[in-house]
Amino acid sequence: MTWQEAAAEYRATRDANIPKEYLITDLPSNDVLDVKDYPTLPGVLPALDLEITQTLTVTELIEAIKEGKYSAVQVTEAFCRRAVLAHQLTNCLTEVFFGKAISRAKDLDEYFEKTGKTVGPLHYCICSKFAILSVPISLKDQVEVEGTNFTMSYVGWIGKKASHSAVIAELLSSQGAVFYCRTNMSQGLWFGEGYNNLFGRTTNPFNRNVTCGGSSGGEGALVGLRGSLLGVGSDIGGSVRIPAAYQALYGVRGSYARIPYCKASNSSEGQEMVRSVLGPITASIDGLKTFYKAVLDAKPWEHDPWTPRMPWSESAYALADHGNGDKLCFAIMWDDGVAKPCPPYVRALQQAKDALIAAGHEVIDWTPFKSAESGELLMRFFTSDGGYDLKKQLALSGEPQLGGVLDRSKGELSAHELFDLCYIRSGHIKDALDHWNATVSKTSTGRPVDAIIAPAAAAPPQPHDGHMYIGYTGFCNLNDYVSSILPVAHVDPSVDTKINRDDFLSDTDRQVHEQYDPALQAGAPCSLQIIGKKYEEEAIIRMTEIADAALKSVRS
């Protein structure tokens, strides 16, 4: 059997597990690009499904379940049906285990009926405000759930079942979460699309001509269509933030291992120089705190030896180290010295600046720190095994390599070459920290800059198989900075016209400029990052809330 035949057979088996009554037959034609509002059209979804999935925030859904307005089964079935519709529109799902999810929801309903209470964190704190109570949560395809099919989106992994659940799945389940599907990702997690040989390509519901981002692209598309309100992705160069940004969602790339990664699968296992991290992609901003507090309240350091003993800190969330949030100083990265942002991102940055100033905060300019060197270090770490791991996985089936991040010409580093590179990185991130701290001389707060505001990318979501520059997200992974996504703008061809330029900063800058096409990318989201230092998850979540409120205030 060829790899193509094996992949097609596996997809057919997957599709057979989708209840026929969940499928929508009257779908928009392929030339309809913007499908984000299709689920809201009359008659597409049952009225109760729409009520549950369309407008509620994560917190509102939890409260409705706690109050008994909706049963866990009603909520789970509503999101299963909407997830199937999202899949029909964008090809975002890899695995479905709806029967397992509904059985779990029935157990939660029985618990509620017997006790009058919902399941809280590890059953020791019933009805905690931030417990994930009976909320269906989607998972990127690399996160195991025991007993379910598990391929990591490789054709050669067909036939495997997860023999365990990842620690993040165990902890979320202990708090009442219901798992019902996994979502598409880039081959080997190595490039910025939801695209692989086993499951094909996921498209962007805002504009199906452009990418959903990656590598957590399926999560981005699913949550973007509210087939999930809260999903788990991973990020080694922007893979949580870019899909969140490309679907106008919220997300956080936290510091190494603050969210437990143990027992989740990964590419290049053992590569510890720039570590992948797990993080939330959510339809509403309250999902960020809900996710982080729920996971940290479960004491993940007792389950993952790499996770620091750092409980959720209300003091940090209240910005105790940032003047209690009364007057924050943000620094805007107008460009990183390698690639200038396209017009809609410049507009988004200006909107954020104006809103924050109107809210009483200070905004200064950020001088980028050695962005080219940062990018070179990051990519050399990514290719330090010479592509060995990816080649090994592809050889299992003979499927070809996709994507453009892993440079096939890069050779494997020797041990001493890798040591040298790690030493250079240590010096680089120390100098970057000093650069940040030196901004104390430029602020009026007596503190260094509280956070950096930067584009999530240099360009809006690119055409499929197009050029993607990850420098704006990747330096956070190298330096282990915390970074969130804040939705701000969408490509508007009438105002975001292409500017004639010949002042290119680099070949990458030229590629970004030449690829920008406001007509092709019309409607695609352009989001910003709020970037803080290592282990500042609580502070960055709060600052993201502040910036989000400031933007909404000036627009109201």
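The values are calculated or read from the model by the stated rules, or taken from the named source; none is laboratory data. For clarity, every value in this text was computed on a predicted model and none was experimentally measured. Backbone-built Cβ (ideal geometry, glycine too); neighbour counts: all protein chains shown.
Would you check if GLU146 is among the acidic types (Asp, Glu), modelled with pLDDT of 95 or more, within 30 Å of LYS392 (Cα to Cα) and not in a loop (DSSP other than H, G, I, E, B)? So GLU146 fails the test. Anything in the stretch 326-363 that is within 24 Å of MET468 (Cβ to Cβ), acidic (Asp, Glu) and surrounded by fewer than 23 Cβ atoms within 10 Å (Cβ to Cβ)? List them, or say none. Within the stretch 326-363, ASP335 is the sole residue that qualifies. Cβ-Cβ contacts under 8 Å between residues 6 or more apart (or on different chains), taken from a first residue in the stretch 352-380 that is farther than 22 Å from SER527 by Cα to a second residue that is charged (D, E, K, R) and in a helix (DSSP H, G or I), are listed as LYS370/ASP431; LEU377/ARG425. The set of residues in the stretch 52-70 being surrounded by fewer than 17 Cβ atoms within 10 Å (Cβ to Cβ), over 14 Å from THR290 (Cβ atoms) and polar (S, T, N, Q) consists of GLN54, THR55. When TYR292 is tested against the conditions (1) modelled with pLDDT under 95; (2) aromatic (Phe, Trp, Tyr); (3) not in a loop (DSSP other than H, G, I, E, B), the lone failure is (1).
Report, by residue number, each residue of the stretch 46-87 that is assigned to a loop (DSSP other than H, G, I, E, B) and hydrophobic (A, V, I, L, M, F, W, C).
Step one: filter the stretch 46-87 for residues assigned to a loop (DSSP other than H, G, I, E, B), giving 46, 54-57, 67-71.
Of everything in the stretch 46-87, just one residue is assigned to a loop (DSSP other than H, G, I, E, B) and hydrophobic (A, V, I, L, M, F, W, C), namely LEU56.
For the stretch 61-70, give me each residue that is under 25 Å from the mean Cα position of the chain (by Cα) and without any contact (Cβ under 8 Å) to a residue 40 or more places away in the chain.
Once the filter is applied, which keeps residues that are under 25 Å from the mean Cα position of the chain (by Cα) and without any contact (Cβ under 8 Å) to a residue 40 or more places away in the chain, the stretch 61-70 yields only GLU63.
Among the residues of the stretch 312-359, the ones that are more than 19 Å from TRP436 (Cα to Cα), outside any loop (DSSP other than H, G, I, E, B) and among the aliphatic types (A, V, I, L, M) come to 9 in all.
Restricting attention to the stretch 364-375, the residues that are crowded, with 16+ Cβ neighbours inside 10 Å and either over 14 Å from HIS435 (Cβ atoms) or not assigned by TED's automatic domain parsing to the domain that holds ALA454 (or both) total 1.
Have a look at ARG309, ARG380 and point out the one that is over 30 Å from VAL495 (Cα atoms) and in a loop (DSSP other than H, G, I, E, B). Talk me through it step by step, then tell me what you get.
Details: ARG380 fails: in a loop (DSSP other than H, G, I, E, B).
From the options ARG309, ARG380, the qualifying one is ARG309.
Per-residue answers, yes or no, for (1) surrounded by fewer than 24 Cβ atoms within 10 Å (Cβ to Cβ); (2) within 27 Å of THR290 (Cβ to Cβ); (3) among the polar types (S, T, N, Q):
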| position | (1), (2), (3) |
| --- | --- |
| PRO455 | no, yes, no |
| ILE485 | no, yes, no |
| ASP509 | yes, no, no |
| GLY523 | yes, no, no |
| ILE546 | yes, yes, no |
